[in-house]
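What follows is a short report on a single structure.
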Amino acid sequence: MTYASIWTRPRRAGEPAFIGGHRGASAEAGENSRDAFEQAIAAGADFIEFDWRLTRDGIPVVFHDDTLIRLHGDARAIREIDHDDLHRIHPGLLTVPEASEIVGGRISILLDTKITEPEALRAGLELIAPHLGDDAPVAFGTRSLAASEVVRQHLPDSPILGLFRDYGDYPDLSAMGGAWARLWEKDASAAAVERLQSIGLKVIVMAGTPTHDGVGVISNEAMADVLAAQPDAVMLNDVRAGLAVRDMRQSRQLNSPGG
């Protein structure tokens, strides 16, 4: 069966927002782990997001933080540690090729690209490109226009999703062929979503707040409010809860007079 990527296929009128697992179903299993990915797929998520960085010896690994301090009390940066040492400290560590092998062709993938230095990013893209599969495009989350341009040059068929702090850069992202833009939950008003959609970008809302404890965490009531703004996708930790809120809202719309 041909797998259709959510990042590139047209949205149908009235289609509910896609729901994705932030670092997999990270409310149910360890973030960026095999189990978190499997849980998200089993729950019926539309996509999973996972982060990638390069180790000191140039191995692309699935890891969110710049350092080990939060998870392991070690202040060293990931780029300062060789892969084998990092794996001993963090036994569930996956490389990007391993993660792609686990989930490729089963669910849409968003690679949150933590690498910002252009030369390092080019090197990383060359390493992971052969492992991304041919069934459906993998989207790259980028944090700047410069990083977006590097991805566009090296992987022109890969959709680019802006994870920008400065929302004012999104028109330029659209102009260079970027496809998606992230808004944080607090900024995801119906007007803000519509503005981005009007310039040709699909909108993904990141639930929660940009803190270690708050990112991806959202109540059912707040999730319903986010969906009411009509974004194209929402990303959160608790995939099952997000899907339940979306499906309940969709059911009510279909069963309402004129729905």
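The values are calculated or read from the model by the stated rules, or taken from the named source; none is laboratory data. These numbers come from a predicted model, not from an experiment. All Cβ positions, even for glycine, are placed from backbone atoms using ideal geometry, and neighbour counts span all protein chains on display. Just the protein is used for accessible areas: all its heavy atoms, side chains included, with ligands, DNA and RNA removed. Shrake-Rupley method; radii C 1.70, N 1.55, O 1.52, S 1.80 Å.
For this structure, a couple of remarks:
- Adding -39500 (n - 2.57) for every DSSP H run of four residues or longer, then dividing by how many residues the chain holds, sets the calculated 222 nm ellipticity at -10000 deg cm²/dmol.
- Alpha-carbon Debye profile of the chain, log10 I(q)/I(0) at 0.09 Å⁻¹: -0.38
- 13 Å reach of a label modelled at R106, 7 Å along Cα-to-Cβ, counting backbone N of segment 8-36: 24-25, 33-36
- Share, in percent, of DSSP beta bridges within the chain that are antiparallel, nearest 5: 15 percent
- Full extension of the segment from R11 to A77, taken as 0.36 nm per residue of separation minus the current Cα-Cα distance, would add 19.8 nm.
- Note on the chain: with a GNM built from Cα contacts shorter than 10 Å, the maximum mean-square fluctuation among G200, G133, G14 falls on G14.
- Inter-part distance, segment 200-258 to segment 17-35, computed on C-alpha centroids, equals 15 Å.
- Against the criterion of solvent-accessible heavy-atom surface with a 1.4 angstrom probe, T116, T67 sort, most first, into T116, T67.
- Centre-to-centre, using Cα atoms only, segment 169-197 and segment 135-151 are separated by 15 Å.
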